[in-house]
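Trainee: This structure is in structure tokens; I'll ask about it shortly.
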Amino acid sequence: MMNTAPLKVAVLGCGVVGTEVVRRLHTSGPALAGRIGAPVELVGIAVRDTRRRRDLDVDPGLWTDDPLALVKRGDIDIVVELLGGTEPARALAVAAMEHGAGVVSANKALLAEHGPLLHETAAVHGVDLLYEASVAGAVPLLRPLRDSLGGDRITRIVGIVNGTTNYVLDRMTETGGGFAAALHEAVDHGYAEADPTADVEGLDAAAKAVILASLAFHTRVPPTAVHREGITEVTAVDVADARDLGRVVKLVTVLERAVGQDDVLLRVHPAMVARAHPLADVRGADNAVLVEAADAGPLLFRGAGAGGVPTSSAVLGDLVTAARRRVLGHRGAAPQAAVKQTASVAGPRSRHHLRVPVTDAATALDDVAAVLRSGGVGIGTVHRRRAAGQEALVLLTKDTDDATLRTALEAVAALPCVSAAPRSMRLLDAEEGR
Ligand code: HSE
């Protein structure tokens, strides 16, 4: 028989996302109850400082600064973990599951670092563990990867999974301005993490890549094994070069299977993306993820990737799912396919944009091209550019590995006709995503 006793929910953390989740639990109670088959009762909200004034109309008795006591009560059905970071989130999620609660989390760092442990704990205690909001905010992506594509073979994923950096690069493209001012705007809009280093250094995107790999490739890759380059070094000149080449600078996350091997390659880096690529026109804090599957073909998932209101949609979706399962008496963890540890991650090969500042572009081209070619870097096209009073050669290379490119660029930098350190950025072409 259907159990219609209220489902008890505890929320850990009341930041940008937590505030919206609590608000919706309050205002959408009857609608949620209808979909779940039982009312939802918010029984506690754990925060660091209970005295801080918050714009939420909830019973003052719900606030607590003791999250461990809350999750250990023993009568909680679902704990919504929105603390961020790995500790104390890991310890609290484990304690919640040990005390019989399902866990809904938006915490990518937690899942990337401790996903296997959390799944194992959920399985042992027969509770749900859901984390749709941890990747691509509001965009339903993890459940399609795990369930809808569960019978297919996913071959490649390429996406924009960090809203802050997409917003920053979009503003730089829009205004022609620099990185610092654009980051300031992103922080003001509430897209960035508490410490925006995680966003701009690509750590946030790398954690999301690990989660995507576990679901798409059934592979455990430690976050430290993700090849990672952030956007702090991207300049207004890079953005202008990209525009002149019919491209746009984006922070891209790429997951692919190494050819003929079991290993996978995960990488996060800025790229000059061809305008015809489906990721090129993703604006503001939006995310987009292109999934290529053997039978389904290319599938594009796109929408709001950050922000409290959109992300609360994904959190509540998981909450409704976990709650429905409780009401129906399914007290089991949502199944996760066996996950194996990846043996090794190969280094990426890419085409690159090169900007080589020179004293005289007409005479320097032969020397620069000869040094690149003898260093093993094939050249596709060559352009000549002036920016900020500096003459430069802009070259697009053929596929090159990082070590070969680095050594060749050192030799280029030593040429007498080269007036400043060369710059490089990877290219993402239209045919790499359709
Ligand atoms: N800071 C993250 C982003 C929030 O900008 O994408 C959503 O994970």
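The values are calculated or read from the model by the stated rules, or taken from the named source; none is laboratory data. Note that the structure is a prediction, hence the values are computed from the model and not measured. Note: ideal-geometry Cβ built from the backbone for every residue, glycine included; neighbour counts use all protein chains shown. Note: areas computed on protein heavy atoms with side chains; ligands, DNA, RNA excluded. Shrake-Rupley method; radii C 1.70, N 1.55, O 1.52, S 1.80 Å.
Trainee: How many residues are touching a strand residue (DSSP E or B) at 6+ places or on another chain (Cβ under 8 Å) and either within 21 Å of residue 311 (Cα to Cα) or surrounded by fewer than 21 Cβ atoms within 10 Å (Cβ to Cβ) (or both) if we restrict to the stretch 110-121?
Mentor: Looking only at that region, the number is 5.
Trainee: Determine which member of the set 9, 43, 47, 22 is more than 30 Å from residue 207 (Cα to Cα), among the β-branched types (Val, Ile, Thr) and touching a strand residue (DSSP E or B) at 6+ places or on another chain (Cβ under 7 Å).
Mentor: Answer to the check: 43.
Trainee: Got a number for residues in the stretch 392-434 being among the basic types (Lys, Arg) and surrounded by fewer than 16 Cβ atoms within 10 Å (Cβ to Cβ)?
Mentor: Taking the stretch 392-434 as the starting set, the residues that turn out to be among the basic types (Lys, Arg) are 398, 406, 423, 426, 434.
Then drop every residue that is not surrounded by fewer than 16 Cβ atoms within 10 Å (Cβ to Cβ), which leaves 398, 406, 434.
Of the residues in that region, 3 qualify.
Trainee: Among (1) in contact with a strand residue (DSSP E or B) (Cβ under 9 Å, 6 or more places away or on another chain); (2) of a type in the set (A, V, I, L, M, F, W, C); (3) away from the ligand (no atom under 12 Å from the Cβ), where does residue 182 come up short?
Mentor: Only one criterion in (1) in contact with a strand residue (DSSP E or B) (Cβ under 9 Å, 6 or more places away or on another chain); (2) of a type in the set (A, V, I, L, M, F, W, C); (3) away from the ligand (no atom under 12 Å from the Cβ) is unmet by residue 182, namely (1).
Trainee: Pull out all pairs, ordered by first then second residue, where Cβ-Cβ is under 6 Å, the residues are six or more apart or on different chains, the first lies in the stretch 102-115 and is over 21 Å from residue 320 (Cβ atoms), and the second is part of a loop (DSSP other than H, G, I, E, B) and open to solvent by less than 10 Å² (accessible area, probe 1.4 Å).
Mentor: As it stands, the answer is none, since no pair meets every condition given.
Trainee: Name the single residue that is nearest to residue 292 (Cα to Cα) among those in the stretch 145-178 being crowded, with 23+ Cβ neighbours inside 10 Å and polar (S, T, N, Q).
Mentor: 162
Trainee: If I go through the stretch 221-239 residue by residue, how many of them are open to solvent by 30 Å² or more (accessible area, probe 1.4 Å) and more than 16 Å from the chain's Cα centre (by Cα)?
Mentor: Quick first cut of the stretch 221-239, residues open to solvent by 30 Å² or more (accessible area, probe 1.4 Å) only: 222-225, 227-229, 232-233, 235-237.
Pick out the ones that are also more than 16 Å from the chain's Cα centre (by Cα) and you get 232-233, 235-237.
Result for the stretch 221-239: 5.
Trainee: Given the conditions (1) within 16 Å of the ligand (Cβ to nearest atom); (2) buried (at least 21 other Cβ atoms within 10 Å of the Cβ), which single one is not true for residue 254?
Mentor: All conditions pass for residue 254, except number (1).
Trainee: Which residues, taken from the stretch 99-147, are within 16 Å of the ligand (Cβ to nearest atom) and more than 23 Å from residue 223 (Cβ to Cβ)?
Mentor: If the condition is that a residue be within 16 Å of the ligand (Cβ to nearest atom) and more than 23 Å from residue 223 (Cβ to Cβ), then 138, 140 are the ones that fit.
Trainee: For residues in the stretch 214-223 being closer than 14 Å to residue 110 by Cα and in a helix (DSSP H, G or I), which is nearest to the ligand (Cβ to nearest atom)?
Mentor: Out of the qualifying residues, it is 223.
A quick yes/no check of all residues on (1) outside the structural domain of residue 271 (by TED's automatic domain parsing); (2) over 30 Å from residue 430 (Cβ atoms):
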| position | (1), (2) |
| --- | --- |
| 105 | yes, yes |
| 121 | yes, yes |
| 129 | yes, yes |
| 148 | no, no |
| 157 | no, no |
| 180 | no, yes |
| 190 | no, yes |
| 193 | no, yes |
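Trainee: Considering only the stretch 261-273, I want to know if a residue exists there that is farther than 16 Å from residue 426 by Cα, part of a loop (DSSP other than H, G, I, E, B) and open to solvent by 40 Å² or more (accessible area, probe 1.4 Å). Lay out the reasoning, then the answer.
Mentor: Start the filter on the stretch 261-273 by keeping residues that are farther than 16 Å from residue 426 by Cα, which leaves 261-264.
Right, trim to part of a loop (DSSP other than H, G, I, E, B) and you get 261-263.
With open to solvent by 40 Å² or more (accessible area, probe 1.4 Å) added as a condition, the list becomes 261-262.
There is at least one residue in the stretch 261-273 that is farther than 16 Å from residue 426 by Cα, part of a loop (DSSP other than H, G, I, E, B) and open to solvent by 40 Å² or more (accessible area, probe 1.4 Å).
Trainee: Could I ask something else about it? Against the conditions (1) surrounded by fewer than 24 Cβ atoms within 10 Å (Cβ to Cβ); (2) in contact (Cβ under 8 Å) with a residue 60 or more places away in the chain; (3) of a type in the set (Val, Ile, Thr), where does residue 124 fall short? Just the number, please.
Mentor: Only one criterion is unmet by residue 124, namely (2).
Trainee: If we scan the stretch 44-66, do we find a residue that is closer than 17 Å to residue 103 by Cβ and open to solvent by 20 Å² or more (accessible area, probe 1.4 Å)?
Mentor: Looking through the stretch 44-66, none of the residues is closer than 17 Å to residue 103 by Cβ and open to solvent by 20 Å² or more (accessible area, probe 1.4 Å).
Trainee: Still on this structure, I have one more. Take residue 77 and tell me if it is of a type outside the set (Phe, Trp, Tyr), surrounded by fewer than 15 Cβ atoms within 10 Å (Cβ to Cβ) and in the same structural domain as residue 111 (by TED's automatic domain parsing).
Mentor: Values: of a type outside the set (Phe, Trp, Tyr): yes; surrounded by fewer than 15 Cβ atoms within 10 Å (Cβ to Cβ): no; in the same structural domain as residue 111 (by TED's automatic domain parsing): yes.
Answer is no for this residue.
Trainee: Could you grab the pairs with beta carbons closer than 9 Å, sequence gap of 6+ or different chains, first residue in the stretch 55-76 and part of a helix (DSSP H, G or I), second one open to solvent by 50 Å² or more (accessible area, probe 1.4 Å) and of a type in the set (A, V, I, L, M, F, W, C)?
Mentor: From the stretch 55-76, the pairs are 67/83.
Trainee: Now, a different point. Which pairs have Cβ atoms under 7 Å, sit 6 or more apart or on different chains, and link a residue in the stretch 307-320 that is under 22 Å from residue 41 (Cβ atoms) and polar (S, T, N, Q) to one that is at pLDDT 95 or above and more than 15 Å from the ligand (Cβ to nearest atom)?
Mentor: 312/24
Trainee: For the stretch 187-213, give me each residue that is farther than 13 Å from residue 15 by Cβ, in a loop (DSSP other than H, G, I, E, B) and either open to solvent by less than 60 Å² (accessible area, probe 1.4 Å) or modelled with pLDDT of 95 or more (or both).
Mentor: If the condition is that a residue be farther than 13 Å from residue 15 by Cβ, in a loop (DSSP other than H, G, I, E, B) and either open to solvent by less than 60 Å² (accessible area, probe 1.4 Å) or modelled with pLDDT of 95 or more (or both), then 196, 201, 202 are the ones that fit.
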